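Novice: Here it is, the structure in full.
The values are calculated or read from the model by the stated rules, or taken from the named source; none is laboratory data. What you see is a predicted model; the values in this text were computed from it and never measured. Here Cβ is always computed from backbone atoms with ideal geometry, including for glycine, and neighbour counts include all displayed protein chains.
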Amino acid sequence: MSENFEDTKKTLEDFNIVKDEVAKLCLNPSRREFYDTDIEPLLKMLLELSYGSSNLSNVAKNLSSINYSKTSKIEDSLDLIYDINKSIEKVFNQLQCEIKDFLKIPSSDICCKKGIEEE
């Protein structure tokens, strides 16, 4: 039991050392966190919706070339494509807003900038 505790303690100490070293780099970690939590999920969603829309478009195209395919199935596919494209537009608009907010976050701390200018 104490061996596990010592291992955990050592890991936490190492983690704190790394955290302190990263802090010395004058980076703004909130910028990375904002990207990871607000922008990246929207990008992934946009990508997945785009793939779905593209694939359904190919399905509708292939169905239209088959003589015995039902017109209603093609129309259903097209309706779904339009719904997905509306969602894509909403996600894209939200992504634009998030990117504008992201660009407002300073890339480094002010104190670090002052330190660089003084050298």
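Novice: Under 8 Å between Cβ atoms, which residue pairs at least 6 apart in sequence (or on different chains) link something in the stretch 1-22 that is surrounded by 10 or more Cβ atoms within 10 Å (Cβ to Cβ) with a partner that is at pLDDT 75 or above and assigned to a helix (DSSP H, G or I)?
Specialist: Pairs found: Val22/Pro29.
Novice: Keeping to the stretch 49-70, report how many residues are more than 17 Å from Tyr82 (Cβ to Cβ) and part of a helix (DSSP H, G or I).
Specialist: 1
Novice: Scan the stretch 77-86 and give yes if some residue there is of a type in the set (D, E, K, R), modelled with pLDDT of 80 or more and under 26 Å from Ile99 (Cβ atoms), otherwise no.
Specialist: Yes: the stretch 77-86 contains one or more residues that are of a type in the set (D, E, K, R), modelled with pLDDT of 80 or more and under 26 Å from Ile99 (Cβ atoms).
Novice: I'd like the full set of residues that are among the charged types (D, E, K, R) and over 13 Å from Leu78 (Cβ atoms), limited to the stretch 30-66. It would help to see each step written out before you state the result.
Specialist: First pass over the stretch 30-66, keeping only residues among the charged types (D, E, K, R): 31-33, 36, 38, 40, 44, 48, 61.
Once the filter is applied, which keeps residues that are among the charged types (D, E, K, R) and over 13 Å from Leu78 (Cβ atoms), the stretch 30-66 yields Arg31, Arg32, Glu33, Asp36, Asp38, Glu40, Lys44, Glu48.
Novice: May I pose another question? Which ones in the stretch 58-72 are surrounded by 13 or more Cβ atoms within 10 Å (Cβ to Cβ) and either under 25 Å from the mean Cα position of the chain (by Cα) or not hydroxyl-bearing (Ser, Thr, Tyr) (or both)?
Specialist: Val59, Ala60, Leu63, listed by residue number.
Novice: Hey, another quick one. Taking interchain pairs and intrachain pairs at least six residues apart, which have beta carbon atoms under 6 angstrom, with the first residue in the stretch 26-48 and at positive phi and the second part of a helix (DSSP H, G or I) and surrounded by 14 or more Cβ atoms within 10 Å (Cβ to Cβ)?
Specialist: Within 6 Å, the pairs are Cys26/Cys112.
Novice: May I ask you to verify whether Leu46 is among the hydrophobic types (A, V, I, L, M, F, W, C), part of a helix (DSSP H, G or I) and surrounded by fewer than 15 Cβ atoms within 10 Å (Cβ to Cβ)?
Specialist: Judged against the criteria, Leu46 is not a match.
Novice: Would you please name the residue that is modelled with the highest pLDDT, looking only at residues in the stretch 97-111 that are outside any helix (DSSP H, G or I) and not β-branched (Val, Ile, Thr)?
Specialist: Top of the filtered list is Pro106.
Novice: Still on this structure: Give Leu42, Leu56 a once-over and let me know the one that is at pLDDT 80 or above, more than 22 Å from Leu103 (Cα to Cα) and either in contact with a strand residue (DSSP E or B) (Cβ under 7 Å, 6 or more places away or on another chain) or of a type in the set (A, V, I, L, M, F, W, C) (or both).
Specialist: Going through Leu42, Leu56 in turn, just one is at pLDDT 80 or above, more than 22 Å from Leu103 (Cα to Cα) and either in contact with a strand residue (DSSP E or B) (Cβ under 7 Å, 6 or more places away or on another chain) or of a type in the set (A, V, I, L, M, F, W, C) (or both): Leu56.
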